[in-house]
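The structure appears below as structure tokens.
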Amino acid sequence: MKFIVIHTEARKELDGAIAYYEAQNLGLGLNLLTEVEEALRKIRQNPEVGTPHKIEGVRRFVIQRFPYLIFYAELEELIWIIAIAHGKRKPDYWKTRQIE
């Protein structure tokens, strides 16, 4: 299995979403984190699990319980998490992100 590398901005997106949900209802932010961790486990086990995105080489994985998508690319030596994005906000804002 390949290592997963999460873009710094994607980590910030996740942290912000966790904080938001935790402020709404105690424990809800941790539920989001659990869902994302499970999604990352599935992506790591089978990088083709996500749906191909319109950008070649990029896939998206839908988080079931929350309105978030994980955009990622399988590279030669790793899986790069480009964005953990809210499904209803600013589509494709992350397109210009470069691997760190």
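The values are calculated or read from the model by the stated rules, or taken from the named source; none is laboratory data. Computed from a prediction, not measured in an experiment: that's the story for all the values here. Cβ placement follows ideal geometry from the backbone for every residue including glycine, while neighbour counts extend to all protein chains displayed. Just so you know, the surface numbers come from the protein's heavy atoms only, side chains and all, with ligands and any DNA or RNA stripped out. Shrake-Rupley method; radii C 1.70, N 1.55, O 1.52, S 1.80 Å.
General observations
- Taken together, the residues in segment 54-64 that are closer than 18 Å to Leu75 by Cβ and either assigned to a loop (DSSP other than H, G, I, E, B) or of a type in the set (Ser, Thr, Tyr) (or both) amount to 3.
- So Leu69, is it surrounded by 11 or more Cβ atoms within 10 Å (Cβ to Cβ) and outside any helix (DSSP H, G or I): yes
- Remark: pairs (first residue in segment 9-28, at pLDDT 95 or above and hydrophobic (A, V, I, L, M, F, W, C); second residue open to solvent by 80 Å² or more (accessible area, probe 1.4 Å) and part of a helix (DSSP H, G or I); Cβ separation under 8 Å; 6+ apart in sequence or on different chains) = Ile18/Leu30.
- Residues in segment 16-28 include none that are open to solvent by 70 Å² or more (accessible area, probe 1.4 Å) and under 16 Å from Leu78 (Cβ atoms).
- Single residue of segment 29-53 satisfying the filter (assigned to a helix (DSSP H, G or I) and β-branched (Val, Ile, Thr)) that is most open to solvent (accessible area, probe 1.4 Å): Thr34
- Residue list for segment 59-100, restricted to those being closer than 23 Å to Gln45 by Cα, out of contact with any His (no Cβ under 9 Å at 6 or more places or on another chain) and at pLDDT below 90: none
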